[in-house]
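Right, one structure below, let's go through it.
The values are calculated or read from the model by the stated rules, or taken from the named source; none is laboratory data. Bear in mind that the values here come from a model prediction, so they are computed numbers and not experimental data. Methodologically, a virtual Cβ is constructed for each residue, glycine included, from the backbone with ideal geometry; neighbour enumeration extends over all protein chains shown. The area values use the complete protein model at the heavy-atom level, side chains included, leaving out ligands, DNA and RNA. Shrake-Rupley method; radii C 1.70, N 1.55, O 1.52, S 1.80 Å.
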Amino acid sequence: MIVLLTDIFPCPGMSAAFAAGLAFVVNSNSASISVIDMSTHQELRRVPALREPHHLIPSPDGKSLLVGDTAGNQMLFLDPATGEVQRRVAVADPYQLGFSPDGKFLVVNGLARNQIDVYEPATMTLIKRFPAESTPSHLAFSPDSRTVFVSLQGSDKLAAFDLTSMQPLWTEPVGPTPAGVLWLNGKVLVADMGNDYVAVVDPASGHVVDKLVTGKGAHNLFLSPDKRILWVNNRAGGTTTAVDAETLQVLKSYNIPGGPDDIDFAPNGDLWITRRFVEKVAILHPETGDFETIDVGRSPHGIWLNPTAPSP
Amino acid sequence: MGDPFDLIAGWLHETVLIPLLYALGLMRWEDLAHGWVLFAVYGAVQVVLTLAICLPLERWRPVERWPDKSAVGVDIFYTVLSRVGVLPLVTFVLFYQAQVALNGWITDHGWIPPMLERVLPALIGHSLLTFAIYAIILDCADYWRHRVSHQLRWWWALHSVHHAQRQMTFWSDDRNHLLDDLIAFLWFGVIALAIGVPPMQFPLLVLVLRFVESLSHANARVSFGVVGERLLVSPRFHRAHHGVLAYGRRSCNYGAVLPWWDMLFGTADFSRAFVPTGDPSGDEALATGSWLAQQRSGLRRLWLALVSRRKEA
């Protein structure tokens, strides 16, 4: 069994005790970002935000780490190598955010304000605002950067927007309380938090073509760096499920209590998972199912690992 | 070591609320439920902490002893309703939504939302100092709200529900007419929005401030001394505000947490010691009626105040 699991979850860095670099964890209710030394698992410092930061993403050129502070109406730009604040820019209600694969657009979901904003990243100029039916939550792009897909958590729908014409394409029902969105092998996957499955959606029509049962309250989903494993966090079940990204067969489920939410992947094969309700990050070793924990601030949400950052 | 209140709220959320919301198909309210349960936990801890400290104080050095304490029971209901039940949820949702809408609108128009830390960027990262400044501003605003509520007849008609209690204890802090609470919420909300108060950032310190307010109503012969009385509102100082000779426009000592505003604006009275409390101008239902009777009586008094004003005009 160990041999099989090791085959499924290759661990390039298993010989090293811990991966090097810095981890950034957004503490939503503490209004701060924890900067953690990945080699020692020590929290080095907390970068203060203004009110309620949630998600973060590195800029395409790798020079900045953008953190959206929703209630603070502010985007923080951090140095991804140190965590130093580069600048703070006024942005309305930045919840989930993402760069189109070609780097031309930054899309920002305003969850509380029911809006989806498209920015020109270099100048942070607002190009287009799409009104949304209800609570635009998470987003994903098509690989050609033409389309952005946004889950509308309050209306049980997924919406698609054409970034070339800047026009809405379709809005279709995908199941109760959709949250995380991911493009995978020509389909759009949407985690339905009000149920136990991930909806598989045809990106052209928006119709649900399949359902992948992962666990109660499927909330967010992430593709491993080698693109072999799809990881799904299930909020109500307190589990993290590994799925074969090619066949969409469930491989294994891990108990990660405490509201598992966002994931990032360390070079040694570990998964760093935020646990919203227990003020901790779990470091899951997939080959054994064991996990360690690191204490962070209140309601840890977004997480990003920078293994190339010099450890202090 | 994490924040124990946050961890308790997280545990309740994960083990009680989420399974319930999931079973009922209401997971879209999950984020909101998390905010409410945190408020409720802090509210419950406020009640327990206040009980643990104020009850022994009241038994140790009571100002008054009452053979029949049934009037206190209604105040307990007020407290639970106000700190643990529906009101925190409504307050949280309304204030949060208003803040999101206003600040987002301001940001959209290229302006910067009002926020203390934006005026004084050096405050970013100094949460204790920031909170202290916010608390001082809000306490000053509350002083003026309270003082005006004693000056206007129609407002006093509502506020007299708070003053009618002759058996004043630490439970009496939340004894308010719902309309009076609503006005206070709007007053507080406007000021808080104007200065950008973060509702969930400093819950522990809010808990401490609410404790001071409860303590100030305690039926306890407690004074903070000559200097302490001028730094923080004590049971002795606040009891003078509730005195039978200090109802309506005759009152003094309006401060909720800090006596500074009374000292600054000429309404402080440190001379009255442990006077009997109550509102002789109110009817009996206000003092000893049920929660519903008190609310009804407050409304009737409001109506009479408005009608007599019209007749005078």
_Suppose the filter is open to solvent by 20 Å² or more (accessible area, probe 1.4 Å) and modelled with pLDDT under 95; does A:V85 pass it?_
no
*Taking segment A:255-279, which residues are part of a strand (DSSP E or B), crowded, with 21+ Cβ neighbours inside 10 Å and either more than 16 Å from the chain's Cα centre (by Cα) or among the aromatic types (F, W, Y) (or both)?*
A:W272
_Only one of B:A220, B:A256 is among the aliphatic types (A, V, I, L, M) and open to solvent by less than 10 Å² (accessible area, probe 1.4 Å). Can you tell me which?_
B:A220
*Across segment A:172-183, what is the total count of residues that are closer than 13 Å to A:L212 by Cα, open to solvent by 10 Å² or more (accessible area, probe 1.4 Å) and more than 13 Å from chain B (Cβ to nearest Cβ)?*
0
_The listed residue being aliphatic (A, V, I, L, M) and within 14 Å of chain A (Cβ to nearest Cβ), out of B:L120, B:L138_ = B:L120
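So that you can scan it fast, the table gives a plain yes or no per residue for (1) within 14 Å of chain A (Cβ to nearest Cβ); (2) open to solvent by 20 Å² or more (accessible area, probe 1.4 Å):
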{"position": "B:F95", "(1), (2)": "yes, no"}
{"position": "B:A101", "(1), (2)": "yes, yes"}
{"position": "B:D108", "(1), (2)": "yes, yes"}
{"position": "B:L116", "(1), (2)": "yes, yes"}
{"position": "B:H150", "(1), (2)": "no, no"}
{"position": "B:Q165", "(1), (2)": "no, no"}
*Top-ranked residue of segment B:3-19 - restricted to ones that are over 24 Å from the mean Cα position of the chain (by Cα), facing chain A (nearest Cβ under 7 Å) and more than 14 Å from A:G237 (Cα to Cα), ranked as most open to solvent (accessible area, probe 1.4 Å)*: B:L7
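Look through B:V190, B:V226, B:V161, B:V206 and report the one residue that is touching a residue at least 60 places away in the same chain (Cβ under 8 Å), among the aliphatic types (A, V, I, L, M) and open to solvent by 20 Å² or more (accessible area, probe 1.4 Å). Give the derivation first.
Working: B:V190 fails: touching a residue at least 60 places away in the same chain (Cβ under 8 Å); B:V226 fails: touching a residue at least 60 places away in the same chain (Cβ under 8 Å); B:V161 fails: open to solvent by 20 Å² or more (accessible area, probe 1.4 Å).
The unique qualifying residue is B:V206.
Got a sec? Which of B:A268, B:A293, B:A273, B:A285 is at pLDDT below 90, open to solvent by less than 60 Å² (accessible area, probe 1.4 Å) and either not polar (S, T, N, Q) or not in a loop (DSSP other than H, G, I, E, B) (or both)?
Working: B:A268 fails: at pLDDT below 90; B:A293 fails: at pLDDT below 90; B:A285 fails: at pLDDT below 90.
So the residue among B:A268, B:A293, B:A273, B:A285 that is at pLDDT below 90, open to solvent by less than 60 Å² (accessible area, probe 1.4 Å) and either not polar (S, T, N, Q) or not in a loop (DSSP other than H, G, I, E, B) (or both) is B:A273.
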*Return a yes/no flag: does segment A:126-143 have any residue that is part of a loop (DSSP other than H, G, I, E, B), out of contact with any Phe, Trp or Tyr (no Cβ under 9 Å at 6 or more places or on another chain) and more than 10 Å from chain B (Cβ to nearest Cβ).*
yes
*asked:* I need every pair where a residue in segment A:114-125 that is open to solvent by 20 Å² or more (accessible area, probe 1.4 Å) has its Cβ under 8 Å from the Cβ of a residue that is of a type in the set (S, T, N, Q), sequence separation at least 6 or different chains.
replied: A:N114/A:S134; A:N114/A:T135; A:P121/A:S59
